[in-house]
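Everything on this sheet refers to the single structure shown next.
The values are calculated or read from the model by the stated rules, or taken from the named source; none is laboratory data. These numbers come from a predicted model, not from an experiment. So basically every Cβ, Gly included, is an ideal-geometry build from the backbone, and we count neighbours across all protein chains shown.
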Amino acid sequence: MAEEKIIIFDTTLRDGEQSPGASMTVDEKVRIAKQLEKLRVDVIEAGFPMASQGDFEAVQKVAATIRECSVAGLARATIADIDRAWAALSEAADPRIHTFIATSPIHMKHKLNMQPDQVVEAAVAAVRHARKYTRNVEWSAEDAGRTDMDFLCRIVEAVIAAGATTVNIPDTVGYTLPHEFGDRIRTLVERVPNIAQAVISVHCHNDLGLAVANSLSAILQGARQVECTLNGLGERAGNAALEEVVMAIRTRKDLLPFQVGVVTTEISRASKLVSVVTGFPVQPNKAIVGANAFAHEAGIHQDGVLKEATTYEIMTPASVGLTDSRMVLGKHSGRHAFRDRLEILGYELSAEHLDRAFRRFKEVADKKQELFDEDLEALVDDEVIRETEHYRLIRLHVASGTQDTPVAAVEMDVRGEKLRGASWGAGPVDAVFQAISQVVPELKEMRLQLYQVHAITGGTDAQGEVTVRLEKGERMAQGQGADSDVIVASAKALINALNKLAHKRGRPRQGV
Ligand code: KIV
Ligand code: ZN
């Protein structure tokens with residue numbers, strides 16, 4: 001008997017972006033969407049078009065770019081939201097309108113101030129309106145995990161009758177336990193007479209660390225779509241992690257006899273891209289994509305793996321796209337080798353971006369003998385992510401030591417004008433930030449929310465990657481910079497964040 005398919009609905013660009021500090025520019029979203037297409041997820045939820053002009057543009061651009069996946073846009077249960085979602089989605093190869101309304105007593109009373117009958121009416125009207133545009137309509141019962149079961153059955157039946165082709169059951173606040181959530185799905189299968197006319201979807205949050213377990217429990221009871229995000233990004237504690245759901249199904253076929261279309265060898269690259277773009281590092285012991293997920297430290301384990309990998313490995317590193325990242329390129333490597341390696345790593349660069357990245361590669365290779373894949377990825381991300389630069393670092397000089405007050409002098413290109421600044425600081429990084437704030441006075445009105453350094457590869461000559469998060473009013477931006485000198489990487493990260501913040505002008509963030 002053919003295995004039933006589990007539809008993988010990725011919401012990294014919508015729910016994932018709702019993680020505080022994870023906002024992305026339109027171009028960054030398109031980049032991630034292209035990687036999601038390579039990963040062969042079935043549905044990409046690209047954003048919430050009514051939330052802001054930026055969200056609208058991102059959904060529109062992703063819809064116009066992606067051909068191999070369905071693209072969804074989120075809408076509340078209102079005519080205006082649905083019209084706006086459709087306006088953004090209409091160029092998609094397979095557009096999906098995803099409309100939602102809260103159904104739990106707590107949400108209906110305190111958030112919506114609506115009676116249950118009014119909620120059913122609004123949900124049905126929203127689905128009917130969405131069906132005028134497309135037959136691919138998903139409806140979600142927000143806070144379904146805490147919704148009265150009789151009411152959930154009633155409203156699910158009504159929206160299916162109105163034309164919803166997917167009904168999504170979110171555990172919005174991550175409250176349920178796996179057996180309890182699975183029971184909810186089974187009850188819907190048993191009690192909703194027209195349930196076979198729609199796909200049952202689940203969308204689990206991770207507040208109790210149970211999002212993946214709840215999703216798997218749900219598919220065992222009849223759910224056939226799982227909503228998830230790369231690296232488990234998402235509101236609060238995040239959503240079910242795509243890589244964990246997919247690899248659990250692949251690895252435990254004996255107990256989860258389902259098929260998923262995801263190209264698992266693209267998982268590692270997709271995870272890294274999301275981490276670089278959002279500046280959210282992946283914890284080393286994170287399942288599937290953490291740096292230690294396939295590392296064996298104990299002697300007994302190493303010995304076992306050398307004799308027979310399956311002694312301690314339940315899946316192979318290669319199955320999630322982890323290639324051997326031993327030294328690949330050095331300062332004698334040419335442009336062709338550089339381009340070929342980038343292609344293997346999944347980059348498709350324009351001639352101009354390739355030139356820039358290659359120049360940067362030569363600079364780094366002069367200082368660092370061995371360049372690992374991670375180094376190449378960092379330097380390409382560092383060069384290519386900077387699309388629209390208002391601010392550019394030309395020169396930086398820093399002096400510090402045990403006896404001296406740290407000082408920094410900076411020369412920058414600010415919208416075509418060369419400007420200089422100099423300052424002292426509590427430490428060299430502080431001195432650099434103060435010097436940059438002389439050139440970019442707006443920096444003084446911003447709050448530094450996060451400053452983080454990590455070494456991309458091992459050794460004292462490793463490249464350092466710095467992440468900086470800046471906040472100004474309602475806007476927030478995160479910048480990254482990579483260099484073998486962490487002070488230079490810090491300046492680059494700060495300037496990258498300034499560029500991103502400039503890009504975000506007039507785009508206040510608004511979540512669901
Ligand atoms: O968590 C949730 O309930 C959601 C819905 C909008 C699907 O994100
Ligand atoms: Zn959610």
(request) Kindly indicate whether ARG146 is surrounded by fewer than 20 Cβ atoms within 10 Å (Cβ to Cβ) and more than 16 Å from ligand 2 (Cβ to nearest atom). (result) no
(message) Can you say whether THR457 is modelled with pLDDT under 80 and touching a Phe, Trp or Tyr at 6+ places or on another chain (Cβ under 9 Å), as far as the supplied structure shows?
(response) yes
(request) With a cut-off of at least 3 residues that are buried (at least 17 other Cβ atoms within 10 Å of the Cβ) and touching a residue at least 12 places away in the same chain (Cβ under 8 Å), name the strands (runs of 3 or more DSSP E) lying wholly within the range 388-496. (result) 391-399, 407-414, 464-472, 475-483
(request) Working carefully through the options LEU230, LEU216, find the one that is under 26 Å from ALA318 (Cβ atoms) and touching a residue at least 60 places away in the same chain (Cβ under 8 Å). (result) LEU230
(message) Of all residues being at pLDDT below 75 and of a type in the set (A, V, I, L, M) in the range 301-328, which is surrounded by the most Cβ atoms within 10 Å (Cβ to Cβ)? Just the residue, please.
(response) VAL328
(request) Run down ALA33, ALA72, ALA22 and say which single residue is within 16 Å of ligand 2 (Cβ to nearest atom) and either more than 24 Å from THR103 (Cβ to Cβ) or assigned to a loop (DSSP other than H, G, I, E, B) (or both). (result) ALA22
(message) Consider the range 256-280. How many of its residues are among the β-branched types (Val, Ile, Thr) and closer than 29 Å to GLN221 by Cα?
(response) 6
(request) Report, by residue number, each residue of the range 38-61 that is without any contact (Cβ under 8 Å) to a residue 60 or more places away in the chain, away from ligand 1 (no atom under 15 Å from the Cβ) and under 18 Å from GLY232 (Cα atoms). (result) none
(message) Can you pull out every residue in the range 174-213 that is in contact with a Lys or Arg (Cβ under 7 Å, 6 or more places away or on another chain) and of a type in the set (A, V, I, L, M)?
(response) VAL199, ILE200
(request) Name every residue in the range 166-190 that is more than 16 Å from ligand 1 (Cβ to nearest atom) and either among the small types (Gly, Ala, Ser) or within 23 Å of SER70 (Cα to Cα) (or both), in order of residue number. (result) GLY182
(message) Suppose we filter the range 196-218 for residues that are closer than 20 Å to VAL43 by Cβ and part of a helix (DSSP H, G or I); how many remain?
(response) 7
(message) Can you tell me which condition GLU465 does not meet? The list is (1) at pLDDT 90 or above; (2) touching a helix residue (DSSP H, G or I) at 6+ places or on another chain (Cβ under 8 Å), and all the others hold.
(response) (1)
(request) Within the range 8-26, work out how many residues are modelled with pLDDT of 95 or more and out of contact with any Ser or Thr (no Cβ under 7 Å at 6 or more places or on another chain). (result) 3
(request) Any residue in the range 235-253 that's in a helix (DSSP H, G or I): show its pairings with residues that are within 12 Å of ligand 1 (Cβ to nearest atom) and among the charged types (D, E, K, R) at Cβ separation under 9 Å, as long as the two are six or more apart or on different chains. (result) none
(request) Kindly provide the set of residues from the range 155-184 that are surrounded by fewer than 21 Cβ atoms within 10 Å (Cβ to Cβ), more than 14 Å from ALA240 (Cα to Cα) and under 31 Å from the mean Cα position of the chain (by Cα), ordered by number. (result) GLY163, THR165, HIS179, GLU180, ASP183
(message) For the range 132-157, which positions are among the hydrophobic types (A, V, I, L, M, F, W, C) and either over 24 Å from VAL71 (Cα atoms) or not in a helix (DSSP H, G or I) (or both)?
(response) VAL137, TRP139, ALA141, MET149, PHE151, LEU152, CYS153, ILE155
(request) Have a look at LYS5, LYS61 and point out the one that is of a type in the set (Lys, Arg), more than 16 Å from ligand 2 (Cβ to nearest atom) and either at pLDDT below 95 or closer than 23 Å to ASN496 by Cα (or both). (result) LYS61
(request) Mind checking which helices (runs of 4 or more DSSP H) fall wholly inside the range 333-386 and carry at least 3 residues that are at pLDDT below 75? (result) 373-384
(request) Please work out which residue is nearest to the chain's Cα centre (by Cα), limiting yourself to the range 77-106 and to residues that are within 16 Å of ligand 2 (Cβ to nearest atom) and hydroxyl-bearing (Ser, Thr, Tyr). (result) THR99
(message) Could you tell me how many of the residues in the range 219-234 are within 10 Å of ligand 2 (Cβ to nearest atom) and assigned to a loop (DSSP other than H, G, I, E, B)?
(response) 1
(request) Could you figure out which of (1) buried (at least 19 other Cβ atoms within 10 Å of the Cβ); (2) of a type in the set (Gly, Ala, Ser); (3) within 13 Å of ligand 1 (Cβ to nearest atom) isn't true of ALA237? (result) (1)
